[in-house]
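I have placed the structure first, in the form of structure tokens, so that the comments after it can refer back to it.
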Amino acid sequence: PRAGLYGGTVLQGCGKGNGGSIVSLDTPQGSCEFTVEETGHFQHFVPREVGRLTLVAGENTLTVRPVKKAKAAVMDLRRIILERLE
């Protein structure tokens, strides 16, 4: 409900040999990119702090977009957590 700067954490899994893809979290106010890390299996989810996003008060749209696919698959994504920083 409040505008401000938010820290982004993703819960991602990535199988052996498939890491290295680049993914972007996009909002109309900006974006942050991160490199997918291998977790040993696509269903072995690991929390990762991936950047900061500015959000407006009220409803926002967040888009997860693959920027570069490094291997056969990008990742499995279970959750995105946004925590207000300021």
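The values are calculated or read from the model by the stated rules, or taken from the named source; none is laboratory data. Source: prediction; values computed, not measured. Note: ideal-geometry Cβ built from the backbone for every residue, glycine included; neighbour counts use all protein chains shown. Surface accessibility is based on the protein's heavy atoms, side chains included, excluding ligands, DNA and RNA. Shrake-Rupley method; radii C 1.70, N 1.55, O 1.52, S 1.80 Å.
Here are the numbers:
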| quantity | calculated |
| --- | --- |
| Separation of the residue 22 and residue 78 label points, Cα + 7 Å toward Cβ, nm | 2.8 nm |
| Ranking by accessible area, most exposed first, for 34, 42 with a 1.4 Å probe | 42, 34 |
| Protection-proxy order for peptides 15-22, 54-61, each taking the mean of Cβ atoms within 10 Å per residue, highest first | 15-22, 54-61 |
| Environment charge of residue 60, counting only residues whose C-beta is closer than 15 Å and scoring Lys/Arg +1, Asp/Glu -1 | 0 |
| Efficiency of FRET between residue 56 and residue 9 - r from beta-carbon atoms, R0 22 angstrom, step 0.05 | 0.60 |
| Rounded percent of accessible protein surface that carbon and sulfur make up, segment 5-57, 1.4 Å probe | 51 percent |
| 5 angstrom amide H check on residue 44, placed H, neighbours 5+ away | 14 |
| Solvent exposure, largest accessible area first (probe 1.4 Å, DNA, RNA and ligands not counted), of 79, 65 | 79, 65 |
